[in-house]
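Peer 1: One structure, pasted below without further comment.
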Amino acid sequence: MGARRPLVAGNWKMHKTIGEATAFVREFAVLAPDFEHVDAVVCPPFTALAATHAAIGTLPLGLGAQTMWDLDAGPYTGEISPEMIVDCGATWVILGHSERRATSGETDDDVQRKVEAALRFELTPIVCVGESALDHAAGRADVHVVGQTRAAFADIAPSDVARCVVAYEPIWAIGSGTPDTPSSANAVMRAIRGSVAGLERARILYGGSVKPENIGAFVGQSDIDGALVGSASLDPRSFAALLANASAAVAS
Ligand code: PEP
């Protein structure tokens, strides 16, 4: 195994009530998931964070939010502050997911402020970057994601950058059933790693139609330190299989 311990993070998006989230944790725990070589995190909706935290108990499963606001408190109706996320027991937060950039108009500057805020509250940001199908077809994937990465980490000290996680998620691969190839993703991720001081020590995940059957091929690449997973993270058996297969790939 390399110096960077792999991470599998499940993004549950707008799925799971409190009851469903806690049932997931109960069912996942009895599957005796393999945490020996791989870290794992689940990111439920805000409404299920505290209950999921309670259900996790002593299981070494991390808990993250799917977004947050960058200010500590104030007149921001409907928003959730970093402190509120910490209060629910989360220690991770996904920032700049392409769905939020698309539906909530989140910009590179917003993401940068959120990275600073997350670090201030000791939350580990999972910063999402990724190109559109158009940019991919035009051979602009590297340029696009390097630009997003540099913007997200502007003014952040390399020692803090190293504490963050980047998720490279080609937008066209998310939820499409058509992942990038491991070698093509690895090449883009190498460019991301070289774009900001500190990222050589940080974990960079691939995201986009990762399943138990293909996670091993991604994790086997030199610059892929795990995966951010949407639909295949919703079922406890599938999430446990993702961990087992990632673990087998790094242990071999
Ligand atoms: C995601 O939205 O972060 C994602 C990677 O989704 P999926 O695994 O379903 O493609």
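The values are calculated or read from the model by the stated rules, or taken from the named source; none is laboratory data. Every value quoted in this text rests on a predicted model; they were computed, and no experiment measured them. So basically every Cβ, Gly included, is an ideal-geometry build from the backbone, and we count neighbours across all protein chains shown. Quick note on the areas: whole protein, heavy atoms, side chains included, nothing else; ligands and nucleic acids left out. Shrake-Rupley method; radii C 1.70, N 1.55, O 1.52, S 1.80 Å.
Peer 1: Sort out for me the Cα centre separation of segment 122-192 from segment 8-53, rounded to whole Å.
Peer 2: The distance from the Cα centre of segment 122-192 to that of segment 8-53 comes to 24 Å.
Peer 1: Starting with the highest mean, order 72-83, 181-192 by the number of other Cβ atoms within 10 Å, averaged over the residues of each peptide.
Peer 2: Put in order of decreasing packing, that is 181-192, 72-83.
Peer 1: How many Å³ per residue does the convex hull of the Cα positions in segment 1-56 occupy?
Peer 2: 84 Å³
Peer 1: For Thr103, tell me the accessible area in Å² from a 1.4 Å probe, rounded to the nearest 10.
Peer 2: Near enough 120 Å² of accessible area.
Peer 1: When the solvent-accessible surface of protein heavy atoms is calculated with a 1.4 angstrom probe, in what order do Leu7, Leu59 fall, highest first?
Peer 2: The ranking, largest first, comes out as Leu59, Leu7.
Peer 1: From the mean inverse distance of alpha carbon pairs (Kirkwood) and the Cα radius of gyration, derive Rg over Rh for segment 137-252.
Peer 2: With Rg and the Kirkwood Rh in hand, the quotient comes to 0.98.
Peer 1: Multiply the residue gap between Asp108 and Arg140 by 0.36 nm, knock off their C-alpha separation, and tell me the result in nm, one decimal place.
Peer 2: Separation in residues times 0.36 nm, less the Cα-Cα distance, equals 9.8 nm.
Peer 1: In segment 138-211, carbon and sulfur make up what percent of the accessible area (probe 1.4 Å)?
Peer 2: 56 percent
Peer 1: Something else: So, for segment 31-186, what is the accessible surface per residue at a probe of 1.4 Å, expressed in square angstrom?
Peer 2: Spelled out: the 1.4 Å probe surface of segment 31-186, per residue, equals 43 Å².
Peer 1: Where is the GNM fluctuation largest for the chain (alpha-carbon springs, 10 angstrom cutoff): Gly64, Gly198, Gly139?
Peer 2: Looking only at Gly64, Gly198, Gly139, the biggest GNM fluctuation is shown by Gly139.
Peer 1: Here is a further query. Ignoring ligands, DNA and RNA, what accessible area per residue does segment 197-252 give at 1.4 Å, in Å²?
Peer 2: About 32 Å² of surface per residue is accessible.
Peer 1: Could you give each residue of segment 237-252 its phi-based ³J(HN,Hα) in whole Hz, using Karplus coefficients 6.51, -1.76, 1.60 with θ = phi - 60°, and x for Gly or Pro?
Peer 2: So the J values, rounded to whole Hz, are 5, 5, 5, 5, 5, 4, 5, 4, 6, 5, 5, 4, 5, 7, 6, 7.
Peer 1: What do you reckon, how do Trp69, Trp92, Trp12 stack up by accessible area (1.4 Å probe), largest on top?
Peer 2: Sorted descending by solvent-accessible area, the residues read Trp69, Trp92, Trp12.
Peer 1: Would you please report the Å³ per residue occupied by the convex hull of the alpha carbon atoms in the chain?
Peer 2: Hull volume over Cα atoms, normalised by residue count, gives 114 Å³.
Peer 1: With every protein chain present, what accessible area does His15 have (1.4 Å probe, heavy atoms only), rounded to the nearest 10 Å²?
Peer 2: Accessible area, nearest 10 Å²: 90 Å².
Peer 1: Could you work out the equivalent-ellipsoid semi-axes for segment 211-252, taking the square root of 5 times each eigenvalue of the Cα gyration tensor, largest first, in whole Å?
Peer 2: Sorted largest first and rounded, they come to 17, 11, 7 Å.
Peer 1: Enumerate the amide H contacts of Leu7 below 5 Å, restricted to partners 5 or more residues apart or on another chain; note that Pro and chain-start residues carry no placed amide H.
Peer 2: Excluding prolines and chain starts, which carry no amide H, the hits are Asp39, Gly226, Ala227.
Peer 1: Can you give the direction-averaged projected area of the convex hull of the alpha-carbon atoms in segment 89-150, in nm²?
Peer 2: Approximately 4.5 nm², given one-decimal rounding.
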